[in-house]
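Values in this text are rule-based calculations from the coordinates and carry no lab data. Just so we're clear, the structure is a prediction, and the values are computed from it rather than from any experiment. All Cβ positions, even for glycine, are placed from backbone atoms using ideal geometry, and neighbour counts span all protein chains on display.
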Amino acid sequence: MSAELLSESLTLALPEVILAVGAMILLMIGVFAPAGRANSTVTGLAVAILIGVLGWMLLMSGQGEAFNGAFVQDGFSAFMKTLTLIGSIVALAMSAGFARAEKFDRFEFPILIVLATLGMMLMISANSLLTLYMGLELQSLALYVVAAINRDSVRSTEAGLKYFVLGALSSGMMLYGISLVYGFTGHIGFDQIAAALTGAERSVGVLFGLVFLITGLAFKISAVPFHMWTPDVYEGAPTPVTAFFAAAPKMAAMAMFVRVVIDGFGPVTSEWQQIVVFIAIASMILGAFAAIGQRNIKRLMAYSSIGHMGYALVGLSAGTLVGVKGVIIYMTIYLAMTLGTFAFILAMRRKDEGNVENIEDLAGLSATNPVMATILTILMFSLAGIPPLAGFWAKWYVFLAAVEAGLYPLAIIGVLASVVGAFYYLRIIKIMWFDEPAGGFVPAAGELRLVMGVSGLFVLGYVLIGGPIAATAEAAARALF
Amino acid sequence: MITGLGAAFFYLFAFVAVASAFMVIAARNPVHSVLYLILTFFNAAALFLLTGAEFLSMILLVVYIGAVAVLFLFVVMMLDVDFASMKRGALEYAPIGAIVGVVLGAELVLVLAASAFDLGRPATTSLPMPDPAVRHNTAALGDILYTDYVFFFQIAGIVLLVAMIGAIVLTLRPQRPHVKRQNMAAQVARKPADAIEVVDVDTGKGI
């Protein structure tokens, strides 16, 4: 690669370069900062870097391929990276108050979040299996550590260890799939793989590789049957970490999933379609039924996220432009809802007990804190998919795509699962509004109130602002076709 | 086919490699096992050298012998693992071992048969490799590793950085008492006069 080509590539990948260099600078600042202030200083700077990168991407970023086609920057990657960065920024900002209250003062936490975000951006921009795997490992390794960061808590270390072991297993399976795909097509670039699969007769080896590849991808978005880690990790990890897990990595992994199957395996759509349909149905059903018995709200959100990934995959299984557009809109709305809900969970704080996580603790919240109760009610109605809130439109777009692609059974099962799922969202609302008060929460920190307010307004006002978002999502999806 | 002196060395290294590999599992003393393992690695490195893969050969020496095997040796010597009792039931698993051996043997025959009868190669393209006579393979690897694959090389570096940060985050406890840390200011401020005392010792008396 010549020097001009390299500098062109680096310019295109400038957001990633800034994140990598920024993380290293932050590491130095964290080491030499006075012990008491290291976390808050580094958190502030990390948020500033992430916002800077987001601004650069939205205003200045170019489009094209870099590093001999290993890295691609297009409309789709710009949209999904925006979502990922918003997830990281909000999760990091929400961790600041938690860190103050819980004496959670590790300055490495924001640095690992920045590095994980770097890995996610590489995953989204991956245009070859090698980039995909390296980005994925960078992200996962940072997430394993972050899950166990509260190392004095048995639950946190258990969460980290469980995530690590299962994650390593899924990485291994994915790598096996990648090696089969490479062996049978002779390429690792998505475009070349698609070219090699066009017209040629489908070899069993490639399909085998595809199955293993999808196994690894399904693990990362926590889709059934590779979801086992999710409830334990969500429950065990410190709440700001869970908020981060629920937001940013899901966006990146879903973007990666979409790009691999559409860009790389577009010519064999009928082959992966059946796998994705199965995963989608299983995730929707498990997400709906398993959440019913949960008492811990973080566990409940874990099952809810499994279900929501299933709904998003309904859009993908259509394999069409409309389907990918549906996935993008679904992920956008899911991000807003999940960040709002986790801001609420972080605000569930009593004066004497500290942070509480049980659903019973919400009893009678409408009497003690009507504003918070109203916002959570809106978010829960939206997660359940009640019109005219955002969650309804998210499901509408993906089911529409499934129906247009002729996948009627999938759409019907999806609607039925969302009816079942509505039960546990409505149960939370019932506990808040109709049960005897169990004592109020201390006033929430400013950043949490801001996040709750913005996400509540987004969900409520989606009917009004949905048009431009759908148009942008369609333009982003067009980059893949 | 290799002939002449090359063949003689090939059979020498191959024989020693197989024999020492057998000794790794047969040796009674675990430290001897590790030493045999190192001998196996040495011979494998020599075999790589014979085929002209000098980079792989040197990496094998540096990584496997310099780091991995020495680490094994430390673990074996430091941990009090009772290998004798672990080995006691080993013969029970002999039938399973035999089955695995038969499967591997069958695969070997299949591969050999396939290459002898040429059952058709996969229609794949491999990366072009320069002639070893023109450009030896360490340089050839460097040519593409630091140009075409520099992106992956750098990401791999960042992955390692994350691993390092993770190990430190999960194990370092700076607040714990009795941790002796380096104090550079104290080290620098120390003068010879504070540290050295000249004593005139009478013969036969001691201090």
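Over segment A:1-109, calculate the relative contact order: mean separation of alpha carbon pairs under 8 Å at least 6 apart, over the residue count, as a percent.
Result for segment A:1-109 is 34 percent.
Highest first, please rank the peptides A:308-321, B:156-169 by the mean number of other Cβ atoms sitting within 10 Å of their residues.
A:308-321, B:156-169
Could you work out how far apart the two model spin labels at B:Val199 and B:Ile168 are, taking each label as a point 7 Å from the Cα in the direction of the beta carbon, and quote it in nm?
The two pseudo-label positions are separated by 4.1 nm.
Loop sites only, by DSSP: take the GluC sites (Glu not before Pro) in chain A that have at most 16 other C-beta atoms within 10 Å and name the longest stretch containing none of them. Walk me through the intermediate numbers first.
Working: sites that count: A:Glu201, A:Glu353, A:Glu357.
Longest gap between qualifying sites, sites excluded: A:1-200.
How high is the FRET efficiency from A:Ser203 to A:Phe481, r the C-beta distance, R0 22 Å, rounded to 0.05?
0.30
What ranking do B:His32, A:His227, B:His178 get, fewest neighbouring Cβ atoms within 10 angstrom at the top?
B:His178, B:His32, A:His227
For chain A, what does the convex hull of the Cα positions come to per residue, in cubic angstrom?
130 Å³
Using the charge dipole of chain A (Lys, Arg: +1 at Cβ; Asp, Glu: -1 at Cβ; taken about the Cα centre), state which of A:Phe392, A:Leu132, A:Gly293 has its Cα farthest towards the positive end.
The residue sitting most towards the positive pole is A:Gly293.
For each of A:Tyr425, A:Tyr234, count neighbouring Cβ atoms within 10 Å of the residue's Cβ, then give the residues from fewest to most.
Result, fewest neighbours first: A:Tyr425, A:Tyr234.
Let me know the mean shielding of B:145-153 by other chains, meaning the per-residue number of their Cβ atoms within 10 Å of its Cβ.
Numbers: counts 0, 1, 5, 4, 5, 6, 16, 7, 1.
What the average comes to for B:145-153 is 5.
Pop a pseudo-label 7 angstrom from the Cα along the beta-carbon direction at both A:Glu102 and B:His178 and give the gap in nm to one decimal.
So the label points at A:Glu102 and B:His178 sit 3.1 nm apart.
Nearest 20 debye, what's the magnitude of the dipole of segment A:294-410 about its Cα centre given +1 on Lys and Arg Cβ and -1 on Asp and Glu Cβ?
100 debye
What length, rounded to one decimal in nm, is gained on full extension from A:Thr269 through to A:Lys430, with 0.36 nm per residue of separation minus their alpha-carbon distance? All intermediate terms of the calculation are to be shown ahead of the outcome.
On the way: separation 161, 0.36 × 161 = 57.96 nm, distance 4.36 nm.
Extra length from A:Thr269 to A:Lys430 when fully extended: 53.6 nm.
Taking R0 as 45 Å, what's the FRET efficiency between A:Val17 and B:Asp131 from their Cβ-Cβ distance, rounded to 0.05?
Numbers: r = 36 Å, r/R0 = 0.81.
The formula returns an efficiency of 0.80 here.
Using +1 on the beta carbon of Lys and Arg, -1 on that of Asp and Glu, and nothing else charged, what's the dipole of the protein assembly as shown about the Cα centre, debye to 20?
Dipole size: approximately 1300 debye.
Can you give the mean number of other chain Cβ atoms that lie within 10 Å of the Cβ atoms in peptide A:137-146? Write out the running numbers ahead of the final one.
Working: counts 5, 8, 2, 2, 8, 6, 1, 4, 8, 2.
Neighbouring Cβ atoms belonging to other protein chains average 5 per residue here.
Starting from the Cα of A:Ile386, step 7 Å along the direction of its Cβ; do the same at B:Ala19; then give the gap between the two resulting points in nm.
8.2 nm
Between B:Leu110 and B:Leu79, what is 0.36 nm times their sequence separation minus the Cα-Cα distance? Round to one decimal in nm.
Full-extension gain reported as 6.9 nm.
Per-residue Cβ counts within 10 Å, from other chains only, averaged over B:163-169: what number is that?
Partner Cβ neighbours, averaged per residue: 6.
Among A:Val268, B:Phe42, A:Ser455, which residue has its Cα furthest toward the positive end of the charge dipole of the protein assembly as shown, with +1 on Lys/Arg Cβ and -1 on Asp/Glu Cβ?
Of the listed residues, the answer is A:Ser455.
Quote the relative contact order of segment B:1-76 in percent (integer), defining contacts as alpha-carbon pairs under 8 Å separated by 6+ residues.
29 percent
For A:Arg37 and B:Ile144, FRET efficiency with R0 = 51 Å and r from the beta-carbon atoms, rounded to 0.05? Don't skip to the answer; put the middle values down first.
Values: r = 46 Å, r/R0 = 0.90.
Calculated value: 0.65.
Please list, short to long, the whole-number percent of alpha-carbon pairs of segment A:91-241 in consecutive 10 angstrom bins beginning at zero.
The calculated distribution, bin by bin, is 11, 35, 29, 16, 7, 2, 0.
List the residues whose amide H sits under 5 Å from the amide H of A:Gly189, counting only those 5 or more places along or on another chain, with H placed 1.01 Å from N in the peptide plane.
Result for A:Gly189 returns A:Leu129.
Mean separation of Cα pairs under 8 Å and 6+ residues apart, divided by the residue count of chain B: what relative contact order is that in percent?
It comes to 13 percent, rounded to a whole number.
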